[in-house]
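Asker: If you scroll down you'll find the structure; I have some questions about it.
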Amino acid sequence: MRISGLGWFICFGAIAGCGGPASSDDLGETESPLTGSSPVMLASGQLGPLGIAVDATNVYWTNSNGDTVMRVPTVGGTPRAVASRQNIPYGIAVDAKSVYWTVINNGPDGAVMKAPVAGGKPTPVAAGQAYPEGIVVDGTSVYWTDYTPSGLVSIPGTIMKAPLAGGAVTTLASGQNWPWGIAVEGSTVYWTDVSDPGSVMKVSASGGAVTTLASAESYPYGLAVRNGAVYWTDVGAGTVSRMGVHGRITVLASGQNTPEGLALDATSVYWTNNGDGTIKKVPLAGGAITTLATGQNAPVGIAVDATSVYWTNLGDGTVMKSTK
């Protein structure tokens, strides 16, 4: 099965709208009309574009069915391969020097890879992984989620860490169900357990006791953190939620159609609605929801920079851009 984990990924659309987060407050959000300019297509003809990341110059993405990691200038241009012959590349992250991505490799023989942003030979950060999916980097380390789906070799889900240059791999948390989205801020790593009931978790970047931040979620998926506040999408409940530094959970958006990818800037939360082909945002503290784009074909990954929003359309193999 060429798309491997993507099969589980897309099937969540069938359950959107069921359930809801526990112990939360609904802001009674309102929807604003479509704003911003029409989306611009940066790349077409891609094979299963999924994860996406952006730096000051380029947009990067994984082609999960094309076995390539790609880039294109943020202003547009010719897409070019960062790496080829990758076996189901999935999540992606970037820093000032390198692009990092996970390779599922049809499991359980996945890897975490890197390549220079300027181009060069890909090298492994970590081999011998099961199904590594979500990935994030900070100034010293690469972090990723890893698990083996039921029906294959039974390996509990783990949260992993390795130096940016490669080296000893550390298990930060084990015994997880289906860890997926991942984020890091300061000395703490956060992730979603995309089960039903699912949860949002955290652990010290040096390992230790795992803390549950939110439980009884219905397939929590995309995740991001800013100034101690944690944000996530919930595919099953159709919500975008926030947990503040004091532990209060607030639903920022409800009634969404399969919300999946999530990104933040200094003012807003952005997400993809895979089920109805929309890109939306809401203020970090809650308020009116703004629709940035409609008519997209199964949007999944999302990233933002100072001026624009970028996303992958899994359904038609495109990479898109819109003003905020």
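Any read-out appearing in this document is the output of simple, stated calculations on the displayed coordinates, not a laboratory observation. Bear in mind the structure is a predicted one, so any value in this text is a computation, not a measurement. So basically every Cβ, Gly included, is an ideal-geometry build from the backbone, and we count neighbours across all protein chains shown.
Asker: Would segment 174-231 count as rounded, prolate or oblate if I go by the C-alpha gyration tensor, calling it rounded below 1.5 in a/c and otherwise prolate when a/b exceeds b/c, oblate otherwise?
Answerer: oblate
Asker: Let me make sure I get this right: for segment 43-99, a, b and c are the square roots of the gyration tensor eigenvalues over alpha carbons, sorted descending. Under 1.5 in a/c it's rounded, otherwise prolate if a/b > b/c, else oblate. Which is it? Walk me through the intermediate numbers first.
Answerer: Values: a/c = 1.91, a/b = 1.29, b/c = 1.49.
It comes out oblate by the Cα gyration axes.
Asker: Select from 254, 174, 206 the residue whose mean-square fluctuation is largest in a Gaussian network model of the chain (Cα-Cα springs shorter than 10 Å).
Answerer: Highest fluctuation of the listed residues: 206.
Asker: What's the lysine pair count for the chain at a Cα cut-off below 21 Å, pairs eight or more apart or interchain?
Answerer: 9
Asker: Counting alpha carbon pairs within less than 8 Å and at least 6 residues apart, what relative contact order, in whole percent, applies to segment 212-324?
Answerer: Working: 287 pairs, mean separation 17.5, N = 113.
Dividing the mean separation by the residue count of segment 212-324 yields 15 percent.
Asker: Another one. In nm, what is the difference between 0.36 nm times the number of residues separating residue 206 and residue 306 and their Cα-Cα distance? Walk me through the numbers before you get to the answer.
Answerer: Details: separation 100, 0.36 × 100 = 36.00 nm, distance 3.13 nm.
Here the segment from residue 206 to residue 306 would lengthen by 32.9 nm.
Asker: Let me ask something else about it. Which far-off residues, 5 or more places away or on another chain, put their amide H under 5 Å from the one on residue 99, with H placed in the peptide plane?
Answerer: So residue 99 has HN proximity to 115, 117.
Asker: How would you order 68-77, 91-100, 118-127 from highest to lowest mean count of nearby Cβ atoms within 10 Å?
Answerer: Numbers: 68-77: 18.5, 91-100: 20.4, 118-127: 15.1.
The peptides rank, most packed first, as 91-100, 68-77, 118-127.
Asker: Taking the Cα centre as origin and putting +1 on Lys and Arg beta-carbons and -1 on Asp and Glu beta-carbons, what dipole magnitude results for the chain, to the nearest 20 debye? Mind dumping the intermediate values first?
Answerer: On the way: 16 positive and 21 negative charges, 159 e Å.
That gives the chain a dipole magnitude of about 760 debye.
Asker: HN-Hα J couplings of segment 275-284 from phi, Karplus 6.51/-1.76/1.60, θ = phi - 60°, integer Hz, Gly and Pro as x?
Answerer: x, 10, x, 10, 10, 9, 9, 8, x, 3
Asker: So, one more: Can you work out the Karplus-derived ³J(HN,Hα) for every residue in segment 112-120? Use 6.51 cos²θ - 1.76 cosθ + 1.60 with θ = phi - 60°, whole Hz, and x for glycine or proline.
Answerer: Those phi angles translate into 10, 10, 8, 8, x, 5, 7, x, x Hz.
Asker: Related question: Classify the chain from the C-alpha gyration tensor, please: rounded if a/c falls under 1.5, else prolate or oblate depending on whether a/b exceeds b/c. Write out the running numbers ahead of the final one.
Answerer: On the way: a/c = 1.45, a/b = 1.09, b/c = 1.33.
In terms of gyration-tensor shape, rounded.
Asker: Add -39500 (n - 2.57) for each DSSP H run of 4 or more in the chain, then divide by its residues: what number comes out at 222 nm, to the nearest 500 deg cm²/dmol? Can you show the working numbers first?
Answerer: Values: 1 runs with 6 residues, N = 324.
Here the helix-only value at 222 nm equals -500 deg cm²/dmol.
Asker: How large is ³J(HN,Hα), in whole Hz, for each residue of segment 257-266 in order, when computed from phi with the Karplus curve 6.51 cos²θ - 1.76 cosθ + 1.60 and θ = phi - 60°, using x for Gly and Pro?
Answerer: After applying 6.51 cos²θ - 1.76 cosθ + 1.60, I find 9, 6, x, 10, x, 8, 9, 10, 10, 6 Hz.
Asker: Antiparallel as a % of all DSSP beta bridges within the chain, to the nearest 5? Intermediate results must be reported in sequence, preceding the final value.
Answerer: On the way: 97 of 103 bridges.
Bridges in the chain that DSSP calls antiparallel: roughly 95 percent.
Asker: Using modelled backbone amide H atoms (1.01 Å from N, in-plane), which distant-in-sequence or interchain residues come within less than 5 Å of residue 293's amide H?
Answerer: 279
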